[in-house]
Amino acid sequence: PAAAPTACPWDITTNRRLENAQWPHGPKLVTPTFNYGWNANALYAPCDRVAMVGHAQWQTQYPDLWWQPTFKITVYLHFLHQLLHSSDYARS
């Protein structure tokens, strides 16, 4: 728990990273978070271990999402759930 998690969309049928064209997209926060052009193996989010590097300003901008050693994986999963169930998510 001391280290933040990281993730990328996964294809359970092929057991590998989801093809870029199949990553979620939407008009506001969905597309920037699921930005395979930034890093195809991580999400661009304040609670993602890989994205936290170089984004110290997120600690004050998103204090509820900036990973803390006391967090459980549910913080990360709740963030993704909220994002993917928002009106911004365009299912294709």
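Quick note: the coordinates plus some simple rules give every number you see, no bench work behind them. The shown structure was predicted, so the numbers you read here are calculated from the model rather than taken from an experiment. Neighbour counts are summed over all protein chains in view; Cβ atoms, including those assigned to glycine, are modelled from backbone coordinates with ideal geometry.
Report, in degrees rounded to the nearest 10, the 0 to 90 angle that the Cα long axis of helix 73-84 makes with the longest principal axis of the chain.
Between the helix axis and the principal axis of the chain, the angle is about 50 degrees.
How much mean residue ellipticity at 222 nm does the chain get from its helices, if each DSSP H run of length 4 or more adds -39500 (n - 2.57) and you divide by all residues, to the nearest 500 deg cm²/dmol?
Result for the chain: -6000 deg cm²/dmol, rounded to the nearest 500.
For a protection proxy built on the mean count of beta-carbon atoms within 10 angstrom, sort 10-21, 74-85 highest first, please.
Top to bottom by mean Cβ count within 10 Å: 74-85, 10-21.
Under the Kirkwood approximation for Rh and a Cα-based Rg, what ratio Rg/Rh is obtained for the chain?
0.96
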